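**Student:** The structure's right below; bear with me while I get my questions together.
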Amino acid sequence: MATQDIQILQPPGWPKPKGYANGIAARGRLVFMAGMVGWNREGVFESDDFVAQARQALKNVLETLAEAGGRPEHLVRLTWFVTSKAEYLASLEALGEAYRALMGRHYPAMTVVEVKALMEDRAKVEIEATAVIPE
């Protein structure tokens, strides 16, 4: 996004967040994506590993975004639903590597929520996304 189309919102005196933005203001075409789980394009889970599923879910977000002409830097919000806070926290280093391999160092506003279960029984993570593509 061009700098005039996006503004990272960082209130003065707040500590800089690690791996996400407190907020983003953006101008352009809005793209809303459903929650993506870690299955492949045939709807098959290839792994029960948390990081592998998160990587695939992010790939699914990016492939869907590409259909609108978007790229990772156009993502302004990600909401992660995880079935285990402990597994998420134990995986942070590997998860960060997988994230950066797909997203680079772009960190939109993000929320992570632990849920009892997801609609797909094998799913360990579901990622919902919002993007703004410059006009």
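**Student:** So which residue, out of Glu42, Glu87, Glu67, gets the largest mean-square fluctuation from a GNM of the chain using Cα contacts under 10 Å as springs?
**Tutor:** Among Glu42, Glu87, Glu67, the largest GNM mean-square fluctuation belongs to Glu42.
**Student:** May I pose another question? Kindly express, to the nearest 10 degrees and within the range 0 to 90, the angle between helix 50-66's C-alpha long axis and the longest C-alpha principal axis of the chain.
**Tutor:** 50
**Student:** How high is the relative contact order of the chain? Use alpha-carbon pairs under 8 Å, at least six apart in sequence, and give a whole percent.
**Tutor:** 38
**Student:** Test of understanding: in a Gaussian network model of the chain with alpha carbons linked when under 10 Å, which of Ala90, Ala109, Ala123 would top the mean-square fluctuation ranking?
**Tutor:** Among Ala90, Ala109, Ala123, the largest GNM mean-square fluctuation belongs to Ala90.
**Student:** Also: Would you look at the GNM of the chain, springs on alpha carbons closer than 10 Å, and say which of Trp80, Trp39, Trp14 moves the most?
**Tutor:** Taking springs between Cα atoms under 10 Å, the residue moving most is Trp14.
**Student:** Write down the Å³ per residue value for the convex hull defined by the alpha carbon atoms of region 85-132.
**Tutor:** Convex hull volume per residue, Cα atoms: 107 Å³.
**Student:** Next question, about the same structure. Out of region 60-135, which trypsin sites (Lys or Arg not before Pro) are coil in DSSP terms and have no more than 15 other C-beta atoms within 10 Å?
**Tutor:** Arg105, Lys116, Arg122
**Student:** Any aspartates and glutamates with Cα under 13 Å of the Lys116 Cα? List them, leaving off those in the same chain fewer than 8 positions away.
**Tutor:** Reachable aspartates and glutamates: Glu126.
**Student:** Taking a temperature of 4 °C and a viscosity of 1.567 mPa s, what whole-number D in µm²/s does Stokes-Einstein yield for the chain with Rh from Kirkwood over alpha carbon pairs?
**Tutor:** 85
No value in this document is a laboratory result; all are computed from the given coordinates. Only a predicted model underlies this, so the values are computations on that prediction, with no experimental measurement involved. Heads up, the Cβs are rebuilt from the backbone with ideal geometry, glycines too, and the neighbour counts pull from every protein chain shown.
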